[in-house]
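The structure appears right after this line, and notes come after that.
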Amino acid sequence: MLIEQCAYGNRWRKVAPAAKGLFCLGGFIAAFAASQPAAAAAVAGLVVLITVLGAGVPFPRFVRVALPPLGFLLLGCLSLAYSLDFQGASNDFTVLWLPSGWAPIRQLAARSGAALAALLFLALTTPMIDLIALLRRLKMPEVLLEIMVLCYRMLFVFSEALHDTRTAQAARLGYATPRLALRSLGSLTANLTLQIWQRAHSLHIAAQSRNNDGAFRFLEPEYAHVRRDLTIAALGGALLIGLAVGMP
Amino acid sequence: MKPLKHQPSHRRTPVSSAAPDFTYLSPHGLDSGIRRNDEILLAFEDVAFRYPDGNTGLDGCSLSIVRGSRNALIGANGAGKTTLFQHANGLLRPQKGGIRYAGRAIDYSRAGLRHLRSEVGLVFQNPDQQLFSASVREDVSFGPLNLGLDTETVRQRVTAALQAVGMEKFADRPVHNLSFGQKKRVCIAGVLAMQPQLLILDEPMAGLDHAMRAELLAVLDELHARGITLLLATHDIDFAYRWADRIHLMSSGRCTSAFAAAELPDNAETLSAAGLPVPGVVELHRLLVTRQILPAISSPRSLAELIAQLNNTQKDFQ
Ligand SMILES: Nc1ncnc2c1ncn2[C@@H]1O[C@H](COP(=O)(O)OP(=O)(O)O)[C@@H](O)[C@H]1O
Ligand SMILES: [Mg+2]
């Protein structure tokens, strides 16, 4: 929900999503093209700076959104740092610390960091609805898009249903003891499953009543300065790639 | 459908009435219940429907809706209101009896249903059932795009429909950030964008607070002034008496009776047979007439009207 708030509240809401997507792509390419970890780190820093200063996403909020993926990144690095070494047929093994030195870890962290920054830039400045519209224009298969649209919408319907049912259970002491909690959780799941089924059915009926015959079609939003935005984004992306490749 | 300019209604029109795109007005000007033409738009003839699990949905229901009129369908929970509406839109098919739209029996072929659903718009009771796109504009565009209209026309219709329900400012908002009342209005816009002749609303007032009801009512008045025929389900007899031209009663799958709302005071027995109270304003007015405080000329339809009558009589006395 934090991402949602940023995506709708940032300064670049009205910028064409295609431009933001292009810039994000530039960031990605830069992240993978970076010859040195320092170059990738510079790309990451620059993209974060642009997100915070340019699009006006508050820095604390940015950090909060970035923390979970950074955690995963850390885990990934740790698994690179250790490695298990089995010796022959015997059952004993040794744990090796840094079998191949710091270099691959630094490389991984910096590159992933840059890619993450680019992705967060897109996610924090572009609402899901714009992204879906963009993907539609990029000729992503209709089926995938429909699933995305429905999932996105259902996410909110169900988080509401889940919340309501849970609250109702808690109000009747459903979670007072671990035993009761497990029981409540079970009936919650059963209840939600039924709700999902019913919802899917009623959604289908509602779509039919508005003359739907299978394919979902929606109107695409229009943006004022697509050309201009795209040019700026292309320049920005090229700059990032140049920085990544050119840095010694 | 001949596009015909409609006389501006005397009813209040708080929502912007600049709607260039709604030129599909009914040729039958109709105001405050005075019918100039009694063309039946929708007719149920002895319709019966039983759900697969054996529940009775409709049980020999007959009902007719006059073009351009405001209709309230009153019935307890489980009376079959939703089932009836789904029949009107062609979602369910009668197992017995028949349904006529604009004088013709409903054609259940693909093309026939397509036509019917573009003429009869159905707004569901639960907005979350109907809204499934992420943004307001996208959702409203869903119906007209299904009609096969070109992008430019759809864009115009979406704007006009959002204007008609006073939601144009929210066009680019995500649906899940809206309040319940706003979601309801988006649902109505989504159906309006298909430009129906008959708009059916399933318990539109349920779950709305006082202010939201007033807003929705203003929207409905505006639509009625544009010549759209309205049919809505409600439990609220006071509201039905105040708002509707015609009241239809329903219980356990049967359409038990129908009368002009103005004749409601004469139908007290029918109401009580259906377990419904007589509207408070009717009883109060009756009492005031017996006490000779008010003359027995016209029955007020709402407390506000009654108070206005009382005020006028006071002036006469002085
Ligand atoms: N999908 C369904 N399957 C089985 N029975 C249903 C279904 N929907 C409604 N019913 C039954 O049909 C009857 C009429 O329901 P409904 O039309 O929803 O009434 P209302 O809208 O007036 O509350 C009820 O007895 C209800 O239990
Ligand atoms: Mg119902």
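Values in this text are rule-based calculations from the coordinates and carry no lab data. Quick caveat: nothing in here was measured; it's all calculated off a predicted structure. Don't worry about glycine lacking a Cβ; one is built from the backbone with ideal geometry, like all the others, and counts go over all protein chains shown.
Quick notes on this one:
- Look at the dipole of chain B built from charges on Cβ: of B:N71, B:L149, B:L288, the Cα furthest out on the positive end belongs to B:L149.
- Globularity index of chain B, i.e. its alpha-carbon radius of gyration over 2.2 N^0.38 Å: 1.03
- Computed from the Cα positions only, the extents of chain A along the three principal axes stand at 64, 61, 36 Å, in decreasing order.
- DSSP-defined antiparallel bridges as percent of all bridges, the protein assembly as shown, nearest 5: 60
- Of the Cα atoms belonging to region A:139-209, the radius of gyration and Dmax stand at 15.8, 52 Å.
- If both residues of a DSSP beta bridge must be in region B:33-277, then about 55% of such bridges are antiparallel.
- Shape call, region A:106-248: gyration tensor on alpha carbons, a/c limit 1.5: oblate
- Magnitude of the charge dipole for region B:166-307, about its Cα centre and with charges confined to Cβ atoms of Lys, Arg (+1) and Asp, Glu (-1), is about 160 debye.
- An ellipsoid equivalent to region B:112-268, defined through the eigenvalues of its Cα gyration tensor, has semi-axes of 29, 18, 14 Å when rounded to whole angstrom and sorted largest first.
- Neighbour-limited loop hits for chymotrypsin sites (Phe, Trp or Tyr not before Pro), region B:233-318 (at most 16 other Cβ within 10 Å; DSSP other than H, G, I, E, B): none
- For A:K14, B:K183, A:K139, order by how many other beta-carbon atoms lie within 10 Å, fewest first: A:K139, A:K14, B:K183
- Just checking the listed ones, B:V219, B:V289, B:V120: in the Gaussian network model of chain B with Cα springs under 10 Å, the one fluctuating most is B:V289.
- In plain terms, the residue of A:V15, B:V281 with the fewest other Cβ atoms within 10 Å comes first and the most crowded comes last, giving B:V281, A:V15.
- Under the convention that each Lys and Arg Cβ holds +1 and each Asp and Glu Cβ holds -1, the size of the dipole of chain B around its Cα centre is about 440 debye.
- Each other residue within a Cβ distance under 15 Å of A:I129 adds +1 if Lys or Arg and -1 if Asp or Glu, for a net charge of +1.
- Lysine pair count for chain B [Cα-Cα under 26 Å; pairs on different chains or 8 or more apart]: 5
- Highest mobility in the GNM of chain A, judged by mean-square fluctuation with C-alpha springs under 10 Å and restricted to A:G101, A:G54, A:G236, is found for A:G101.
- Size of electric dipole in the protein assembly as shown: Cβ of Lys, Arg +1 and of Asp, Glu -1, about Cα centre, debye, nearest 20: 720
- Relative exposure of A:C151, B:C61, judged by other C-beta atoms within 10 Å (fewest first): A:C151, B:C61
- Note on B:151-158: average number of Cβ atoms from other chains within 10 Å of each residue's Cβ is 1.
- FRET efficiency for the A:S83 to A:H225 pair, using the beta carbon distance and R₀ = 35 Å, is estimated at 0.10.
- The local environment of A:A40, defined by Cβ-Cβ distances under 11 Å, has a net charge of +2 under the rule Lys, Arg +1 and Asp, Glu -1.
- In summary, the helical segments of chain A meeting the span-like criteria, namely a full DSSP H run, a Cα extent along the axis of 20 angstrom or more and a mean Kyte-Doolittle hydropathy of at least -0.5, are A:17-33, A:59-81, A:103-125, A:142-171, A:178-209, A:226-246.
- Taking 25 °C and 0.890 mPa s as conditions, the protein assembly as shown diffuses translationally at an estimated 88 µm²/s according to Stokes-Einstein applied to its Kirkwood radius (Cα pairs).
- Projected area, mean over directions - region A:20-63, Cα convex hull, nm²: 3.2
- Remark: spin-label model distance A:R64-B:F180 equals 2.8 nm, labels positioned 7 Å along the Cα→Cβ axis.
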